[in-house]
Amino acid sequence: MEQNLPIRDIYAREILDSRGIPTLETEVLAGEDIVGTAAVPAEAYAGKYEATELRDGDERYDGKGVEQAVENVNSLIAPALIGMNVFDQEGIDRALIKADGTRDKSGLGANAILGVSMAAVHTAAAALKMPLYRYLGGVRAAKIPVPVMNVMGGGTHGSPGMDIQEYMIMPAGGHTFREMLRMCAEVYHQLGNLLRERGMSAAVGDEGGFAQNTGNVREVLRMIRDGVERAGLSLGRDIQIALDLAASQLYDSGRGLYVFPCESRQTGREITRSTEEMTDWLEGLASEFPICAVIDPLDQDDWTGWQKMTERLGKRIQLAGDSLFATNTERLKLGIDSGAANGILIKVGQAGTLTEAFGAIRMAQNAGYQVIISQGAGETEDTTIADMAVAFNAEMIRTGAPCRSERVAKYNRLLRIEESLEREKMSAMVKENITVHPHG
């Protein structure tokens, strides 16, 4: 095994993500001809503690072009990293952070930095002829995560007629990944059929979930229940529900209240909830429906509220921080020390480098927090997060609906990884049998 393989060149280009918005694709060349390629995910809404994407702000693509970020890779980052050992991921990421020189990666752009970080690890895995999950996780990479699948989308990801950003389903109980994927996909399609039969729209949002125009949360949950039953499954026994409230987008800091505009329009009166009322409301929903996880149920700065909600609901529901933690170990440590949340979303784009994302995963797991590896709102065919989830034995992965190629690519990658793990297990059993019984 070659332990020192120098980077020879780095190149980035502007491509489009799943929303038709520019992002970066980056290539890292090491040795004579080993190339790793990665495409950077993007967000529709970025919390204030996340690493900063660099956008051009000119007339192209309504200001969302990334030509400057591309130029930063090709003219500034490449010279700083050429000659470094491609197997030294931590060293590469430290060099990227140093070259940027800012706390939030706004100097060169988190998207510029992340593209290089991701492409480098693909090059390293290719050089060793290893699948990425095995390169990152070694022999401990042995578990496929449970899919947390978007079926109805609102907020910035779906319909402006729904307050809650994502309604998701996930299988209950132990199944193979291919069986879990089948169950969720069948529910998704039956839900689509149900919507069409009722004269409702089956149009989908950014992440493939059906986009509706209702502020009635219980109505949506009942529709999901009906879709589960039409798929021949039972809500609670076979399928559970997860919600992403993206509550920072609902929070009115001036009033200290969470404002629900869609529910307000539907009821004809303004609907607001205090932190305590949010906890009461979620507890009521969870008593009526099998809600097992809620992402960002409170604002990213409502630490006291998070702590109290975790004390009250944390034994029944996974309360996962997305904007709260921003895949940042400093913020995660605050949560662990204060007893805020019991789970974390990991988004590589929030951190800006893989090393920082890996550090957040390890810290969360050591503290007993459940880990959800998550997509971005703007995705590509890149499947890095699927391998990451397996490499770190993450409990769950959130990568959207079984709809739209950029979402399905991650599911299909996990199907292939599951087959590889099964072959490895079978091969190990055969070898063990031969060793113990050499004469049959």
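The values are calculated or read from the model by the stated rules, or taken from the named source; none is laboratory data. Keep in mind the model is a prediction, meaning the values are calculated, not measured. Cβ coordinates were reconstructed from backbone atoms using ideal geometry, including for glycine residues, and neighbour counts include every protein chain displayed. Side chains included, ligands, DNA and RNA excluded: accessible areas come from the protein's heavy atoms. Shrake-Rupley method; radii C 1.70, N 1.55, O 1.52, S 1.80 Å.
Of note:
- Note that the chain presents 40 Å² accessible area per residue, ligands and nucleic acids not counted, probe 1.4 Å.
- Accessible area (Å², 1.4 Å probe, nearest 10) - residue 19: 60 Å²
- With Cα atoms, 0 to 90° folded angle of helix 89-100 axis to the chain main axis: 70 degrees
- GNM top mover of 155, 268, 378 - the chain, alpha-carbon springs below 10 Å: 268
- Amide H to amide H, with H built 1.01 Å from N, residue 370 comes under 5 Å of 343, 344, counting only residues 5 or more places away or on other chains.
- Part-to-part distance (alpha-carbon centres) for segment 292-345 and segment 129-156, which is given in Å: 22 Å
- Carbon/sulfur fraction of accessible area - the chain, other protein chains in place, 1.4 Å, %: 49 percent
- Sequentially through segment 338-349, phi angles give Karplus couplings (6.51, -1.76, 1.60; θ = phi - 60°) of 9, x, 9, 6, 9, x, 9, 8, 10, 10, 4, x Hz, Gly and Pro residues having no value and appearing as x.
- Computed accessible area, residue 234, all protein chains, 1.4 angstrom probe, square angstrom: 40 Å²
- Based on C-alpha pairs under 8 angstrom that are at least 6 apart in sequence, segment 163-277 has a relative contact order of 34 percent.
- Segment 303-440, Cα convex hull volume normalised per residue, Å³: 152 Å³
- Ordering of 400-408, 186-194 by packing [mean C-beta count within 10 Å, highest first]: 400-408, 186-194
- When 281, 303 are compared by accessible area of protein heavy atoms, the largest-first order is 303, 281, using a 1.4 Å probe.
- In sequence order, segment 166-175 has phi-based couplings of 9, 9, 10, 10, 8, x, 9, x, x, 9 Hz under the Karplus curve 6.51 cos²θ - 1.76 cosθ + 1.60, θ = phi - 60°, and Gly or Pro positions carry x.
- Karplus-derived 3J(HN,Hα), 6.51/-1.76/1.60, for each residue of segment 190-198, Hz, glycine and proline x: 5, 5, x, 4, 4, 4, 5, 4, 8
- Distance-filtered residues of segment 199-241 - backbone nitrogen under 15 Å, label point 7 angstrom along residue 281 Cα→Cβ: 214-221
- Taking amide hydrogens as placed 1.01 Å from N in the peptide plane, the amide H of residue 15 sits under 5 Å from those of 23, 24, 25, each at least 5 positions away in sequence or on another chain.
- Plainly put, the chain has a radius of gyration that is 0.98 times its Kirkwood radius, both from alpha-carbon atoms, as the Rg/Rh ratio.
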